[in-house]
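Participant: Here you go, one structure.
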Amino acid sequence: MRLSLKNLNTTHAAVWLVTPENLALAGAAMELLWKERQGERGGKHTGDREGSCKFAALLARALFGGRLAGNHDHVFVVLANGSLLDLNENQPDVAAFGSNAWARHDFVLAHPDYREALGSCMPRVERWVNWVKEAMPAAVM
């Protein structure tokens, strides 16, 4: 199912405040859940989250609000206040892009194929969001 342009371009409301503690919780959840996904695909956990930026951005947007932004190589979140939020900012594949990781070529995200890829992530991300909210109730709302 393709992510709609409306969903892509809407600034979503935050469920959690952006705090160091909540970012750490979201990062820990992303680590666990990405490891789970790698296992389901028959792969061994590589110790990083290479290739997970769509999932990380969708999870971050669901928890911290904002809207998706990015380029051909990487996707992240722009919060309502204009600051960038990237749960994968410390991952090796993102570091390899340097400052280009956060270049804004949002038209790429609007392409039907890219929205199809984002949409295919949504069922898993929705499960992850529910799991995170239940498993990590200590988050500051």
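The values are calculated or read from the model by the stated rules, or taken from the named source; none is laboratory data. Since the structure is predicted, the reported quantities are computational estimates derived from the model, not experimental observations. Cβ coordinates were reconstructed from backbone atoms using ideal geometry, including for glycine residues, and neighbour counts include every protein chain displayed.
Participant: Please work out which residue is modelled with the highest pLDDT, limiting yourself to segment 106-140 and to residues that are touching a helix residue (DSSP H, G or I) at 6+ places or on another chain (Cβ under 9 Å) and part of a loop (DSSP other than H, G, I, E, B).
Facilitator: D106
Participant: Touching a residue at least 40 places away in the same chain (Cβ under 8 Å) and under 21 Å from S4 (Cα atoms) - does that describe any residue in segment 127-140?
Facilitator: Yes, that holds for at least one residue.
Participant: Can you tell me how many residues within segment 61-118 are within 17 Å of L5 (Cα to Cα) and among the aromatic types (F, W, Y)?
Facilitator: Qualifying residue count, segment 61-118: 3.
Participant: Right, L118: touching a Ser or Thr at 6+ places or on another chain (Cβ under 9 Å), closer than 25 Å to K35 by Cβ and not aromatic (F, W, Y) or not? Steps first, please.
Facilitator: Working: touching a Ser or Thr at 6+ places or on another chain (Cβ under 9 Å): no; closer than 25 Å to K35 by Cβ: yes; not aromatic (F, W, Y): yes.
In short, no.
Participant: From the list A26, A60, A14, which one is under 23 Å from E116 (Cα atoms), of a type in the set (G, A, S) and in contact (Cβ under 8 Å) with a residue 24 or more places away in the chain? I'd like the intermediate steps shown before the answer.
Facilitator: Details: A26 fails: under 23 Å from E116 (Cα atoms); A14 fails: under 23 Å from E116 (Cα atoms).
Testing whether each residue is under 23 Å from E116 (Cα atoms), of a type in the set (G, A, S) and in contact (Cβ under 8 Å) with a residue 24 or more places away in the chain leaves just A60.
Residue-by-condition table, conditions (1) loosely packed, with under 15 Cβ neighbours inside 10 Å; (2) among the hydroxyl-bearing types (S, T, Y); (3) not in a loop (DSSP other than H, G, I, E, B):
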site: A62; (1), (2), (3): no, no, yes
site: L68; (1), (2), (3): no, no, yes
site: H72; (1), (2), (3): yes, no, no
site: V77; (1), (2), (3): no, no, yes
site: A80; (1), (2), (3): yes, no, no
site: E89; (1), (2), (3): no, no, no
site: A96; (1), (2), (3): yes, no, yes
site: R104; (1), (2), (3): yes, no, no
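Participant: Now for a different question. Which is assigned to a helix (DSSP H, G or I), within 14 Å of the chain's Cα centre (by Cα) and within 21 Å of K6 (Cα to Cα), of L58, L33? First the steps, then the outcome.
Facilitator: Working: L33 fails: within 21 Å of K6 (Cα to Cα).
Step by step, each of L58, L33 is checked, and only L58 is assigned to a helix (DSSP H, G or I), within 14 Å of the chain's Cα centre (by Cα) and within 21 Å of K6 (Cα to Cα).
Participant: Please verify whether V94 is over 16 Å from A117 (Cβ atoms) and within 10 Å of the chain's Cα centre (by Cα), treating the condition exactly as stated. First the steps, then the outcome.
Facilitator: Values: over 16 Å from A117 (Cβ atoms): yes; within 10 Å of the chain's Cα centre (by Cα): no.
No.
Participant: Among K44, K6, which is the only one that is in a loop (DSSP other than H, G, I, E, B), loosely packed, with under 14 Cβ neighbours inside 10 Å and free of Cβ contacts under 8 Å to residues at least 40 places away in the same chain?
Facilitator: Numbers: K6 fails: in a loop (DSSP other than H, G, I, E, B).
Within the list K44, K6, the selection yields K44.
Participant: In segment 12-31, which residue that is surrounded by fewer than 20 Cβ atoms within 10 Å (Cβ to Cβ) and closer than 20 Å to S120 by Cα is modelled with the lowest pLDDT?
Facilitator: E31
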